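Participant: Got a structure here, written out as structure tokens. Questions coming.
The values are calculated or read from the model by the stated rules, or taken from the named source; none is laboratory data. Quantities reported herein were computed from a predicted structural model and do not represent experimental measurements. Glycine also receives a Cβ, built like all others from the backbone with ideal geometry; neighbour counts cover every protein chain displayed. Note: areas computed on protein heavy atoms with side chains; ligands, DNA, RNA excluded. Shrake-Rupley method; radii C 1.70, N 1.55, O 1.52, S 1.80 Å.
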Amino acid sequence: MSHVLSAGRRALTDTGEARGTLIDGIDVRTRIVVAVAFAIVMVSLQDLAVLTTGLLAAFFLMLSARLPVARTLKRMAMMDSFIIFLIAMLPFTVPGDAMFTVFGFPASWQGLRQAAEIALTANAVILALMALVGSTEPVTLGHALRRLMVPEKLIYLLMFTVRYVDVLQQEYQRLRMAMKARGFRPSNNRHTYRSVGYLVGMMLVRAIERSERILGAMKCRGFTGRMPLFDTLAFTYRDAVFATGVTVFLACLIGAQAIR
Amino acid sequence: MSELIALSDIHFAYPSGPPVLKGVDMCLMPGERLCIGGHNGAGKSTLLHIIVGLLRPSRGRITAFGAPRREEKDFHEVRCRAGFVFQDPDDQLFCPTVAEDIAFGPLNLGKSRDEAMAIVDEVLERLDLVSFRDRITHKLSGGEKRLVTLAAVLAMEPEVLLLDEPTNALDVDNKARLKEILLSLPQAMILVSHDHRFRGDVSTRTVVMSHGRLVERDMHCTATDETG
């Protein structure tokens, strides 16, 4: 066990993201509100040039938050894999001028346009979210959401997930190791499916039992349904400057959309 | 050479941690019950994980059942021939019922469902655990879990047993029962334990993990004989 104790594990509040960046100095609440506003504006835009400007702005945010570019874009691509079917199907399902046909199904220019709109919007929003909200410490995010009047139950859910996801991960790894030690090698057969099913089932049962033990331990320390959350959030002039800048930019986007 | 397992000059460190093992040499002969003692965090469990290839040493040679073992493929065979009883029984039991958990190993060895079930009954009978057959694994007591994990490993008919702190959380009765079972088994075994008395009762040879190495020690000697 000594390696666990002495390896200098990251603190729970440490996201490993860069410090002292432009984004880092801005209050988390401002960042959340700005990210939500940005998302709403992006969804309401239709012009491809304006949308591209929004995407570029999101790129700029990513760079100024000093997120690792390759890893962030990989995450963005993972999100894209969820909508790839929608985007691939749209040209075939939207009626309009035929571009080409596949097995007798026409692909329309209008559909392609809509697909491009969705792809630009989704990627811009996810990039902005990762740059603004994803770079915060999970615990700080919880504090900020609390101050933004998000229901406490949801915040506790977030906090407990942050705290215990690692514990579950370790439990999973230990069980997998023990299975391996008894000669288990996954392949495509019933034995494998059954065993993996048992593994998942056992993790669920243990998670429920663990949660009951944790609740018991919390009750023993006087828990009555509320957790004290201490935070040091404060608005500064930087928040005002940042919020104003973003508002002006978003207004420009809306204006450009209106003109076209 | 007739040794079952031989380690030579094993070095190991966990990622971003200090070295845990610094040149371990060890061999296990047939019929031997080798006990490994040592402080918490001395690297005893790590050593067992290395023998079955769940961890890979940064340096050193592992020979098991007459062949050098280097890759995952080699270690799969080691895991099928050496039964590993984990420190925490909860890490090992994951099937809903005792019978299914015991059948898991034999099924991995390619036995049919019927053959596996026959093995389950035979092993439970041998360890006098027949009444446990259809119990729910996560509702067993700590001592019961320990005995079932041992049964699950014995069901694979291993040539060597590796036991990591088998007496953890066992009461006097269960400890005596475990001792009786271990002494009745013909297999060679490596026992990691810091329970002095248990080691003395069971072992044929005792070594101590100290400063990342194994040091031979007379099992009745209590003086700390640490030559790093």
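Participant: Please tell me if B:Asp121 is away from chain A (no Cβ under 13 Å), farther than 27 Å from B:Ile62 by Cα and of a type in the set (D, E, K, R).
Facilitator: In short, yes.
Participant: Another question, then. Tell me, which helices (runs of 4 or more DSSP H) wholly within the stretch B:29-108 include 1 or more residues that are more than 20 Å from B:Pro166 (Cβ to Cβ) and open to solvent by 30 Å² or more (accessible area, probe 1.4 Å)?
Facilitator: B:72-81, B:98-108
Table: residues versus (1) open to solvent by 10 Å² or more (accessible area, probe 1.4 Å); (2) within 14 Å of another protein chain (Cβ to nearest Cβ); (3) in contact (Cβ under 8 Å) with a residue 12 or more places away in the chain.
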| position | (1), (2), (3) |
| --- | --- |
| B:Pro158 | no, yes, yes |
| B:Leu163 | no, yes, yes |
| B:Asn168 | yes, yes, yes |
| B:Lys179 | yes, no, yes |
| B:Leu185 | yes, no, yes |
| B:His194 | yes, yes, yes |
| B:Thr204 | yes, no, yes |
| B:Val207 | no, no, yes |
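Participant: So which of A:Ala37, A:Ala107 ends up being more than 19 Å from the chain's Cα centre (by Cα) and open to solvent by less than 70 Å² (accessible area, probe 1.4 Å)?
Facilitator: Within the list A:Ala37, A:Ala107, the selection yields A:Ala107.
Participant: With A:Ala116, A:Ala124 as the choices, which residue is within 15 Å of the chain's Cα centre (by Cα), in contact (Cβ under 8 Å) with a residue 60 or more places away in the chain and over 30 Å from A:Leu204 (Cα atoms)?
Facilitator: After applying the criteria, what remains is A:Ala124.
Participant: Which one of these does A:Ala181 not meet: (1) modelled with pLDDT of 90 or more; (2) out of contact with any strand residue (DSSP E or B) (no Cβ under 6 Å at 6 or more places or on another chain)?
Facilitator: For A:Ala181, the failing item is (2).
Participant: So, in the stretch A:187-200, of the ones that are within 8 Å of chain B (Cβ to nearest Cβ) and open to solvent by 30 Å² or more (accessible area, probe 1.4 Å), which residue ends up nearest to the chain's Cα centre (by Cα)?
Facilitator: It comes out as A:Tyr198.
Participant: Moving to a separate point now. So is B:Ser112 among the polar types (S, T, N, Q) and either within 11 Å of another protein chain (Cβ to nearest Cβ) or under 21 Å from A:Val200 (Cβ atoms) (or both) or not?
Facilitator: yes
Participant: Mind checking whether some residue in the stretch B:63-78 is under 30 Å from B:His138 (Cα atoms), more than 10 Å from chain A (Cβ to nearest Cβ) and among the hydrophobic types (A, V, I, L, M, F, W, C)?
Facilitator: Within the stretch B:63-78, none of the residues are under 30 Å from B:His138 (Cα atoms), more than 10 Å from chain A (Cβ to nearest Cβ) and among the hydrophobic types (A, V, I, L, M, F, W, C).
Participant: Please find, among A:Phe184, A:Phe230, A:Phe235, the residue that is of a type in the set (Phe, Trp, Tyr) and surrounded by 13 or more Cβ atoms within 10 Å (Cβ to Cβ).
Facilitator: The match here is A:Phe184.
Participant: Here's another thing I want to ask about it. Return yes or no: is A:Val248 modelled with pLDDT of 75 or more, assigned to a helix (DSSP H, G or I), surrounded by fewer than 11 Cβ atoms within 10 Å (Cβ to Cβ) and at negative phi?
Facilitator: yes
Participant: Within the stretch B:1-16, take every residue that is part of a loop (DSSP other than H, G, I, E, B) and away from chain A (no Cβ under 14 Å) and give me the one that is surrounded by the most Cβ atoms within 10 Å (Cβ to Cβ).
Facilitator: Among them, the one singled out is B:Leu4.
Participant: I'd like to check something: does the stretch A:161-172 contain any residue that is surrounded by 20 or more Cβ atoms within 10 Å (Cβ to Cβ) and either in contact (Cβ under 8 Å) with a residue 60 or more places away in the chain or within 14 Å of chain B (Cβ to nearest Cβ) (or both)?
Facilitator: no
Participant: The conditions are (1) at pLDDT below 90; (2) assigned to a helix (DSSP H, G or I), and A:Arg66 fails exactly one of them. Which is it?
Facilitator: (2)
Participant: Restricting attention to the stretch B:17-28, and to residues there that are open to solvent by 20 Å² or more (accessible area, probe 1.4 Å) and not hydrophobic (A, V, I, L, M, F, W, C), which single residue is nearest to the other protein chains (Cβ to nearest Cβ)?
Facilitator: Looking at the filtered set, the residue picked out is B:Gly17.
Participant: Would you check which residues across the stretch B:125-141 are out of contact with any strand residue (DSSP E or B) (no Cβ under 6 Å at 6 or more places or on another chain) and away from chain A (no Cβ under 14 Å) and list them?
Facilitator: B:Glu125, B:Arg126, B:Leu127, B:Asp128, B:Leu129, B:Val130, B:Ser131, B:Phe132, B:Arg133, B:Arg135, B:Ser141
Participant: Need pairs with beta-carbon distance below 9 Å; first residue more than 11 Å from chain A (Cβ to nearest Cβ) and within the stretch B:34-52, second among the charged types (D, E, K, R) and part of a helix (DSSP H, G or I); sequence gap 6+ or separate chains.
Facilitator: As it stands, the answer is B:Cys35/B:Arg199; B:Ile36/B:Lys44; B:Ile36/B:Arg199; B:Gly37/B:Lys44; B:Gly37/B:Arg199; B:Gly38/B:Lys44, since those pairs meet every condition given.
Participant: Moving on. I'd like to know if the stretch A:214-226 contains one or more residues that are touching a Gly at 6+ places or on another chain (Cβ under 8 Å) and open to solvent by less than 90 Å² (accessible area, probe 1.4 Å).
Facilitator: Scanning the stretch A:214-226, I find no residue that is touching a Gly at 6+ places or on another chain (Cβ under 8 Å) and open to solvent by less than 90 Å² (accessible area, probe 1.4 Å), so the answer is no.
Participant: May I pose another question? Any residue at all in the stretch A:149-172 that's within 26 Å of A:Ala128 (Cα to Cα), out of contact with any His (no Cβ under 6 Å at 6 or more places or on another chain), in a loop (DSSP other than H, G, I, E, B) and among the polar types (S, T, N, Q)?
Facilitator: No, the stretch A:149-172 contains no residue that is within 26 Å of A:Ala128 (Cα to Cα), out of contact with any His (no Cβ under 6 Å at 6 or more places or on another chain), in a loop (DSSP other than H, G, I, E, B) and among the polar types (S, T, N, Q).
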